[in-house]
Amino acid sequence: MGVRVLFLGPLADLAGTDEVRLAAPLNWEGLLCAVNPAVAEHLRGDRVKVACAGKVIADKTQLAALDGDEVALLPPVSGG
Amino acid sequence: MGVRVLFLGPLADLAGTDEVRLAAPLNWEGLLCAVNPAVAEHLRGDRVKVACAGKVIADKTQLAALDGDEVALLPPVSGG
Amino acid sequence: MKWLFFRRLAGVSAMREVRVLGHAFSPTTMLEDFSRLYGAAGGIASFLGQVRAGTAQALELLHYEPLTLPGMEALADQALERFSLHGVLAIHRTGHLSPGEPIVLVAAAAPHRREALQAVDFLMDHLKSAAWFWKRELRADGWHWIEPRKQDISDIARWA
Amino acid sequence: MKWLFFRRLAGVSAMREVRVLGHAFSPTTMLEDFSRLYGAAGGIASFLGQVRAGTAQALELLHYEPLTLPGMEALADQALERFSLHGVLAIHRTGHLSPGEPIVLVAAAAPHRREALQAVDFLMDHLKSAAWFWKRELRADGWHWIEPRKQDISDIARWA
């Protein structure tokens, strides 16, 4: 199964895709290596949050996605 | 015709009537003499406003109602 | 129905609709008509006040007609002056009302939600305390006048 | 439809209804149902956000489903904790929307109007900035993402 990684909102444009499937287990370094440099730069910033298995991770550098987990990369939400 | 004087809201209970018709012209002293003492006491207080011919009078002691005018005695409005 | 037009927002006339009704009304129909007029407004805030269920079996709302409607119209105009609005709606009942019946409906359409919500808050604060309405409740032991509340005076002071 | 019950007001359970909808909805029907539930509530405040008419031909609202609904439910619970309410309603659209279409409807029923209005203000401030929605607009030259606004962050700070 691996780990399904979703690019939400404008990050999908930057990634050139809505999702990728990566090998499990997946940690923060693994994620940064697997995405393109533009996305990686955004991920390193404060404004992009990461959810794993339906929960936003307080410290995204502690990502530890297991086989079957869904990881969502969440850019800042849009204003009104 | 004279002057029609209306007792609004709780003032009607105090006056024992919704309205009286008084001789024109009618001034402040004439009004105080024509109503019962309980109503007169309320009228002298700050909280009761007086309208004449559809307008609230800034200084009610300056009342000068002419023949055909309607004078309304307005107690404080109710809260929610 | 009386519509007045104000030039407020660039290229758009702001409108007010103010009514004093002696009979029951449907707030949802009124809001639906209002929303339809302002379909492109961004946001519509509203407040509906209803007769509370409680000790009172009925409520009577008395008013002094020559002052009520002009007073409410002046208040609506103040809201249009003070906030950037597409339009405002203010409906107030008079007469006998049963628990659960709508008493007052206020709505504001605006490009931005804060303006719409603030206009509704402003209108409600002033309607309740500055409009010429007197209320009495029918309880088991007869009719009781509702006294002015200090809260209403402090509510109005917020806007000074 | 999912109802949760909270013991808030003496003898009354406060309720919330929260929905994320991928299709068009009628705000007046929703409000009518909500008002009927709270016929004895005293007051019902609401805010309806619609797609503004302007340069955009269409709006697309994307969300991350596993977070959106739980996030909105948690927000509704916060409103019920914070204000004395009979109930709250929060509906948010996703997908493609045309100018004039309803995006968001929030309502609060309360014994007192200030609580109802404040709850709606609170819910809107947090929904707009804290819920997981991303918007893009279709203009003459293609799709454009809508950036977060500083205003939204300061709006939330009001409630800290």
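Data table
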item	result
Single residue of region D:67-83 satisfying the filter (of a type outside the set (A, V, I, L, M, F, W, C), within 14 Å of chain A (Cβ to nearest Cβ) and touching a residue at least 24 places away in the same chain (Cβ under 8 Å)) that is surrounded by the most Cβ atoms within 10 Å (Cβ to Cβ)	D:Gly71
Members of region D:46-89 that are hydrophobic (A, V, I, L, M, F, W, C), closer than 17 Å to C:Gly42 by Cα and either part of a strand (DSSP E or B) or under 12 Å from the mean Cα position of the chain (by Cα) (or both)	D:Phe47, D:Leu48, D:Ala58, D:Leu59, D:Leu61
Residue identified as among the hydrophobic types (A, V, I, L, M, F, W, C) and under 18 Å from C:Val51 (Cα atoms) among C:Ala131, C:Ala107	C:Ala131
Positions within region A:44-80 being more than 14 Å from every other protein chain (Cβ to nearest Cβ), under 25 Å from A:Met1 (Cβ atoms), of a type in the set (A, V, I, L, M) and surrounded by fewer than 18 Cβ atoms within 10 Å (Cβ to Cβ), in sequence order	A:Ala64, A:Leu66
For A:Val20: the one exception among (1) free of Cβ contacts under 8 Å to residues at least 60 places away in the same chain; (2) in a strand (DSSP E or B); (3) within 14 Å of another protein chain (Cβ to nearest Cβ)	(3)
Scope region D:37-66; condition out of contact with any Phe, Trp or Tyr (no Cβ under 9 Å at 6 or more places or on another chain), of a type in the set (A, V, I, L, M, F, W, C) and buried (at least 23 other Cβ atoms within 10 Å of the Cβ); matching residues	D:Ala41, D:Phe47, D:Leu48
Matching residues, region B:39-80, being in contact (Cβ under 8 Å) with a residue 24 or more places away in the chain, touching a Pro at 6+ places or on another chain (Cβ under 6 Å) and not charged (D, E, K, R)	B:Val48, B:Leu66, B:Pro75, B:Pro76
Test: residue in region A:39-61 that is over 30 Å from D:Ser154 (Cβ atoms), out of contact with any Leu (no Cβ under 9 Å at 6 or more places or on another chain) and part of a helix (DSSP H, G or I)	no
Residue among C:His92, C:His86, C:His144 that is more than 9 Å from every other protein chain (Cβ to nearest Cβ) and farther than 30 Å from C:Ala40 by Cβ	C:His144
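Every read-out reported here was derived from the displayed coordinates using simple, explicitly stated rules and does not represent laboratory data. Nothing here was measured: the structure is a model prediction, and the numbers come from that model. Note: ideal-geometry Cβ built from the backbone for every residue, glycine included; neighbour counts use all protein chains shown.
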